[in-house]
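Trainee: Before we start, here is the structure in question, set down as structure tokens.
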Amino acid sequence: MDEQREVESAIEAILFAAGDPVGVERICLALDMDRISVDGACRRLADRYRFERRGMRLLQLGTSYQLCSAPEHAAAVRRALESRRPARLSQTALEVLAVIAYFQPITRAYIDQIRGVDSAYTVSMLVDRGLVEECGRLPVPGRPIQYRTTQAFLRSFSLSRLDDLPELPNVSAEEERTGRALEERLAQLREEEAVEP
């Protein structure tokens, strides 16, 4: 087996054994290789799976890679594993998820402000489903929790990274002013926090 195939085989073994996404840095360390070489090997492996119409695919999720079953075999996999189809997301859940995806990291209060209604239950449900996660606290009085999307979100919507999200439609001038005012206030609070002893 040539060196290139050996590297691809090792990456395949790592990803298969992990089951979950594996960061490219971790693969680089395991194989004692640079990132460009690992990314290239992963691309070749992903291309081969697609070209040969194999039963699995190699997905890039941001700076991680993961093996998954080919989408065209989803029904057979579901039947074989007798897994129930996950419940679909409601319109409200999709709306909250979109707000988080485009404005992350974001607090629940900001989500509520954008939507005009309380979103506590929906945010909690999205966290339970693993589509959203806590990612720290905002450095303001009360230290509200901030939320962001997860790799499960990227997989669920067939995205490699957040940059693949479609552009937002035009927002009203008032929404734009409100967003800018909030960003300016956050920057000011961060500066004040940095100055405090």
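The values are calculated or read from the model by the stated rules, or taken from the named source; none is laboratory data. Treat the numbers as computed from the prediction; the structure is a model and nothing was measured. So basically every Cβ, Gly included, is an ideal-geometry build from the backbone, and we count neighbours across all protein chains shown. Just the protein is used for accessible areas: all its heavy atoms, side chains included, with ligands, DNA and RNA removed. Shrake-Rupley method; radii C 1.70, N 1.55, O 1.52, S 1.80 Å.
Trainee: Quickly rank 159-167, 142-150 as a protection proxy: mean count of other C-beta atoms within 10 Å, highest first.
Mentor: Per-residue mean Cβ counts within 10 Å order the peptides as 142-150, 159-167.
Trainee: Which shape class, rounded, prolate or oblate, goes with the range 1-114 when its Cα gyration tensor gives a ≥ b ≥ c as root eigenvalues, a/c under 1.5 marks rounded, and past that a/b bigger than b/c marks prolate?
Mentor: Here the range 1-114 falls in the oblate category.
Trainee: Could you work out the local net charge near CYS28, counting Lys and Arg as +1, Asp and Glu as -1, over the other residues with Cβ closer than 12 Å to its Cβ?
Mentor: -2
Trainee: Right, next: Of all the accessible heavy-atom surface of the range 1-69, with the other protein chains kept in place and a 1.4 Å probe, what percent is carbon and sulfur?
Mentor: The C+S portion of the solvent-accessible surface of the range 1-69 is 51 percent.
Trainee: Given a 1.4 angstrom probe, what's the average accessible area per residue across the range 1-135, in square angstrom?
Mentor: Computed with neighbouring chains in place, this is 63 Å² per residue.
Trainee: Could you give the distance between the Cα centres of the range 114-138 and the range 12-78, to the whole Å?
Mentor: The range 114-138 and the range 12-78 have Cα centres separated by 30 Å.
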